[in-house]
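Notes for the one structure printed next.
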Amino acid sequence: MMRGPLRRAAALALAAPPPLWAAPAPGDLIVLNGLADIAEPPEPSAWPPNFWVLGLILAGLGLTTLILYRLRQRHLRRRPHRAALAELADWERAAPSRSAEDAAATLTALLRRVALLHYPRDRVAPLSGTAFAAFLDEAMATPTFTQSPAAHILGDARYGARAAAPLDCGRELAQAARRWLDAHRDGAPRRV
């Protein structure tokens, strides 16, 4: 009868794993199968960054804010220039159908309003006729308002007998006015 339990004990002894102090046989995967996979560390967090990165981010935001502020200020500062150019375009379209006196008065009023934005009132307000045309030429590289064929329209000659005639040099006068307005886009030119 002992044979049965001995047989079972022998079978269990043969099927039991080798003791821990015994080296596994070559090619035996029992030990390797019992190992866990390599645990990878978590991805490093992007926030909070170190102080240098945070400083660069804040400096970038400050610089962007400053640039946007300056662009907005320039846009607002140039608003009268854009409005004057639009009014000049309307004047140029309507000038051929108007009398020289009426067209000259309208253009003079437009240029005077822009001049009052950039120059002291006591310098611009008392000027009229040829003196105002000479004032306009001060900002130009070449005299345009006093030396061109259109000069008599802005000067004192606009009150003469030819003032009732239709305006024949409106395009030339509009180009001169546009150059003067462009010279005053960001304020009075430095040489004036």
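The values are calculated or read from the model by the stated rules, or taken from the named source; none is laboratory data. Keep in mind the model is a prediction, meaning the values are calculated, not measured. Using ideal geometry, Cβ is built from the backbone for each residue, glycine included, and neighbour counts are taken over all protein chains shown.
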Out of the residues in the stretch 133-165 that are of a type in the set (Asp, Glu) and surrounded by fewer than 17 Cβ atoms within 10 Å (Cβ to Cβ), which is modelled with the highest pLDDT? 138
If I filter the stretch 50-61 for residues that are modelled with pLDDT of 90 or more and either surrounded by 13 or more Cβ atoms within 10 Å (Cβ to Cβ) or of a type in the set (Phe, Trp, Tyr) (or both), do I get at least one hit? no
Identify all residues within the stretch 166-189 that are modelled with pLDDT under 80 and in a loop (DSSP other than H, G, I, E, B); write none if there are none. 167, 168, 169, 186, 187, 188, 189
